[in-house]
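Take a look at the structure set out below.
Taken together, the values in this text are just the output of simple stated rules run on the coordinates, not laboratory data. Small disclaimer: the values here were computed from a predicted structure and weren't measured. Methodologically, a virtual Cβ is constructed for each residue, glycine included, from the backbone with ideal geometry; neighbour enumeration extends over all protein chains shown.
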Amino acid sequence: MSGEKLSPEKLSAIKRERDDAPLFIEEILSSLGQGRMVLDAGCGAGSFQHSRFPGLDIVSIDIKTPDRVGVDAAARVHLPPNFVLGDLEKLPLKAGSIDFVVLNYALEHVFDANATVTEASRVLKSGGLLYAALPNSRSFDDKFYRFAGYFAKYVLLKVHKRLEHQQRFDFLSLNKLLYSKGFRLLSFCECPSGYTWMNDPRVKKFRASFLKILSFLKSAVKIDLFKNSNYLTLYRYDGTSGIRTVTHICAFCGMQLIDERERDSGPWTCPYCGERNVHC
C-alpha cells in the first residue's frame, strides 16, 4: 500500500525470482560449478563466508592482514582460508586461471584502479565473472566518510593515517573503466547505506545518535541521506573493449562522426549528408 510504513516483520532476505539476473555474491557463488576458482580480492577478513562453499577453490588476497589478527582469541579476526599477502595491482596468479573475481568494497581503496581492473581481466578466464561493490562518490555517505578521514588526518593530526577512499566513482565512470578493459555489465543495483563503517570502535559510540538524526530527516522533511549510496554490479569478461568514441555530430543530419586527426576546431563536411558544418 502506498505510504504504508514498512514494519520490521515485513522485511525479508532478498530472494531471486525466476526472471531476475544474478547479482549478489552468494547467488553467483551458489551458481558456480564444483571446483571453480574464485578470487576474493581486497578481502580483509573475507568478503563472504567461505566455509559455506566447500566445493569452490577460493583464494583470498589483500595487501595487509585484517585488523586484530594475532591478538587474544576473544578479539581475533581469523584470516580467510588460502589467504595471500599481495597487491591487487600485481596479482600473484596465472593468466586465465580464475572463474569469478570478487571486489567487494575494494576498488575505491586501491592506489591505481586502472591497474587493478587490468589485473582482474588478466587472471580471469574468457567468460569469467567480476563482482564489484563500491560507494557512489556523489552520495552523502561517501562524502561524509572522506570528510571524516581528512578531519582525522589534518585536524586531529593523525598524520600517518592513510586516506582510505583513494578512488571516486559514479556509475558512468565505473562502467567506462570496466568496459575499456573488456567487461560487459550483466546486472546492477543501487542500494542504500547502512553506514557500517561507523562500527569502527573509534566512532561507534556516535553511530546510534547519528542514524537517528538521518532517520528523522528522512521521515520528517523527506531528506533521504541513505538512498543510492552504493553500487552492486556484475560483469562478464569477454576481452573486447566496449568503449567507442564520437568527436562530432552533424548539425544537419545528426549523424555521429569521429575525426581520427583529433582536430580541435574548424569547419568540416559531413560524409553522410555532404553539408558543411562550421561548429567544432
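Sorted by average packing, counted as other Cβ atoms within 10 angstrom per residue and highest first, what order do 231-237, 79-85 take?
Going from most to least packed, we get 231-237, 79-85.
With a/c under 1.5 counting as rounded, go ahead and sort the chain into rounded, prolate or oblate using the C-alpha gyration tensor (a ≥ b ≥ c being the square roots of the eigenvalues; past the cut-off, prolate if a/b is larger than b/c, else oblate). Present the calculation step by step, with values, prior to reporting the outcome.
On the way: a/c = 1.69, a/b = 1.37, b/c = 1.23.
Taking the square roots of the gyration eigenvalues as a ≥ b ≥ c, the chain is prolate.
With axes computed from alpha carbons, what is the tilt in degrees of helix 113-123 against the longest principal axis of the chain, rounded to the nearest 10 within 0 to 90?
So the helix axis and the longest Cα principal axis differ by about 80 degrees.
Given a 10 angstrom Cα cut-off, can you work out which residue in ASP238, ASP62, ASP20 is the most mobile in a GNM of the chain?
ASP20
For region 192-280, report the translational diffusion coefficient in µm²/s to the nearest whole number, using Stokes-Einstein at 37 °C, 0.692 mPa s, and a Kirkwood Rh over Cα pairs. Kindly include the intermediate steps, with their values, before the conclusion.
On the way: Rh = 18.7 Å.
Rounded to a whole number, D works out at 176 µm²/s.
I'd like the antiparallel share, as a percent to the nearest 5, of DSSP beta bridges with both residues in the chain.
Numbers: 20 of 37 bridges.
Counting DSSP beta bridges with both partners in the chain, the antiparallel share is about 55 percent.
Please work out whether region 106-262 counts as rounded, prolate or oblate from its C-alpha gyration tensor, where a ≥ b ≥ c are the square roots of the eigenvalues and a/c under 1.5 means rounded, while otherwise a/b larger than b/c means prolate and anything else oblate? The partial results should precede the final answer.
Values: a/c = 2.08, a/b = 1.71, b/c = 1.22.
It is prolate, given that a/c is not under 1.5 and a/b is the larger ratio.
Just want the answer: with Cβ charges of +1 for Lys and Arg and -1 for Asp and Glu, which residue in VAL59, ILE213, ASN114 is farthest toward the dipole's positive end in the chain?
The listed residue farthest towards the positive side: ILE213.
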